[in-house]
1. So, with +1 on the Cβ of K and R and -1 on the Cβ of D and E, and no other charges, what is the size of the charge dipole of the chain about its Cα centre, to the nearest 20 debye?
2. How far, in degrees from 0 to 90, does helix 389-401 lean away from the longest principal axis of the Cα atoms of the chain, to the nearest 10?
3. Nearest 5 is fine: what % of DSSP beta bridges in segment 173-487 come out antiparallel, could you say?
4. So who's got an amide H within less than 5 Å of the one on Phe253, skipping anything under 5 residues away but keeping other chains? H placed 1.01 Å off N, in plane.
5. By how many degrees, between 0 and 90 and to the nearest 10, does the Cα long axis of helix 91-103 differ from the longest principal axis of the chain?
6. What number do you get for segment 152-224 when its Cα radius of gyration is normalised by 2.2 N^0.38 Å, N = residues?
7. Sorted from largest down, give the three principal axis spans of the alpha carbons of segment 355-431, whole angstrom values.
8. If you count, for each residue, the other Cβ atoms within 10 Å and average over each peptide, how do 176-183, 422-429, 133-140 line up from highest to lowest?
Amino acid sequence: MTTPTTIHFKETDIDAIAALEGRVAVFVAEDGRLDVNARRVNRLTKGALARFSESEAFEKMKASQAMLMSFPAGMEAEALVVVRLDRRPSAELARKAGVEIAKLKGKGALTVLGGNITRAEEISFGIALRDYEFDVYRTENGEARDSEKGEVTVMVNKPEEVARAAAPLAAVAEGVFFTRDLVNEPANVLTTDDFAARLAAMQEIGLDVEILEEDELEKLGMRTLLAVGQGSDSPSKVVVMRWNGGETDDAPFALVGKGVVFDTGGISLKPAGGMEEMTMDMGGAGVVAGVMRTLALRKAKTNVVGLVGLVENMPSARAQRPGDVVKSMKGDTVEVINTDAEGRLVLADVLWYAQERFKPRGMIDLATLTGAVIIGLGHENAGVFANDDDLCKAMLKAAEAEGEGAWRLPLSPAYDKLLKSKIADMRNSCGRPAGSVTAAQFLKRFVKDETPWIHLDIAGVASTPTETAYAPKGATGWGVMALNRLMDEV
């Protein structure tokens with residue numbers, strides 16, 4: 001697993017600044033004023049920082065933006081990372097400043113002269129989130145590449161206090177990295193067996209983990225899930241992760257994730273172009289795993305159960321066909337119109353199982369479910385569908401607070417007519433019109449009326465072609481931060 005950057009908090013030492021090696025981040029207020037650390041740097045560099053703060057280049061910088069000054073005279077450091085940020089920034093600006101610092105930190109040591117800037121823990125969190133690289137398969141001259149990260153030290157006036165504030169954020173960073181790693185892994189490595197083993201290993205941090213194998217899934221009647229994976233040599237599984245940090249008698253909140261480790265489309269084969277990206281079709285399960293990891297690491301005082309359906313959708317002589325009829329655990333029958341509309345078949349059984357077994361106080365499922373949501377919302381927002389306004393408002397508020405884009409889309413009985421099948425209770429695909437909505441409407445049939453529920457279609461945000469606010473291009477870990485926050489509020 002890729003480990004987030006280790007960040008040390010240390011008492012501010014003005015006298016040591018001249019001898020600091022590597023890169024040194026220093027803050028200049030938006031009006032150009034220098035704090036005590038910046039004034040020390042300014043004296044060492046014979047006024048260079050003050051001249052920069054009065055320059056046109058500084059004027060053009062936005063709040064939280066950073067610029068590199070290489071080989072500053074009078075210091076051992078190879079470069080200064082100059083950040084435009086007031087002493088009392090918002091959490092968002094502090095986090096973004098950390099992201100900007102991470103982009104310029106290089107591979108060597110980095111010292112952040114935080115002094116008495118508030119939100120130093122958020123600056124550190126931003127550094128950790130952005131300083132991610134999935135390079136486990138890159139080599140140099142055939143040998144494993146050295147991916148060691150330079151040490152990061154944050155000099156602050158109250159290091160113990162900042163370290164305490166940073167501890168839960170470090171747990172979130174680890175959950176985000178866990179999710180990103182899972183989404184970035186190739187499918188020949190992250191098989192259903194390997195995925196389940198990685199989740200089982202989280203028993204070491206306090207999660208109760210249970211793996212349901214195919215024979216048990218068959219007894220439970222999870223035929224819609226099993227039908228998706230029957231064409232693959234990788235066995236289908238459901239993994240149940242429980243965090244019991246709340247009161248013993250409190251009902252858990254349920255998180256359900258789609259874990260299609262590779263999606264060829266099955267018999268309804270996808271086009272070759274871009275199919276390699278379908279290693280990320282287990283993104284929903286990845287987010288659930290990351291949230292559960294975070295909750296355990298920070299010892300959250302709540303009860304949450306995470307369930308993921310792990311399958312591989314492959315064409316073979318055993319694969320399900322368009323026109324097949326399969327029966328769900330609930331008892332409803334589904335006509336398979338398109339075997340590439342497989343995620344909803346996986347989720348249908350896991351959603352029903354979660355409610356039957358755990359009687360959750362609320363439930364959220366996550367899935368890279370439809371290409372249609374990317375057409376509608378691009379890579380900026382996840383699609384949000386809900387049967388409960390209060391839960392939906394809480395989710396949107398949590399996503400906004402964490403800077404994770406989310407946008408509510410409609411659910412309505414008017415769309416049910418599109419799900420009608422000539423030979424079964426419903427069909428699994430309704431064509432292009434309102435593709436994301438009809439997929440959500442399908443899932444809603446497997447949610448009990450008394451269960452507050454949200455469906456998150458994360459097809460556009462789980463992995464992106466360009467960098468995001470907190471991540472390089474590729475897997476983002478979208479949803480871990482928002483859901484971690486939400487679990488304390490529901």
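1. Values: 58 positive and 72 negative charges, 220 e Å.
Roughly 1060 debye, rounded to the nearest 20.
2. Compared with the principal axis, the helix lies near 30 degrees.
3. Working: 22 of 46 bridges.
Bridges in segment 173-487 that DSSP calls antiparallel: roughly 50 percent.
4. Asn303, Val304, Val305, Arg361
5. 80
6. 1.66
7. Sorted largest first, the three principal extents are 46, 35, 21 Å.
8. On the way: 176-183: 26.5, 422-429: 17.2, 133-140: 11.9.
Per-residue Cβ counts within 10 Å, averaged per peptide and sorted highest first, yield 176-183, 422-429, 133-140.
All of the numbers you see were taken from the coordinates with simple rules; none came from a lab. These numbers come from a predicted model, not from an experiment. As a convention, Cβ positions derive from the backbone with ideal geometry for all residues, glycine included, and neighbour counts pool all protein chains shown.
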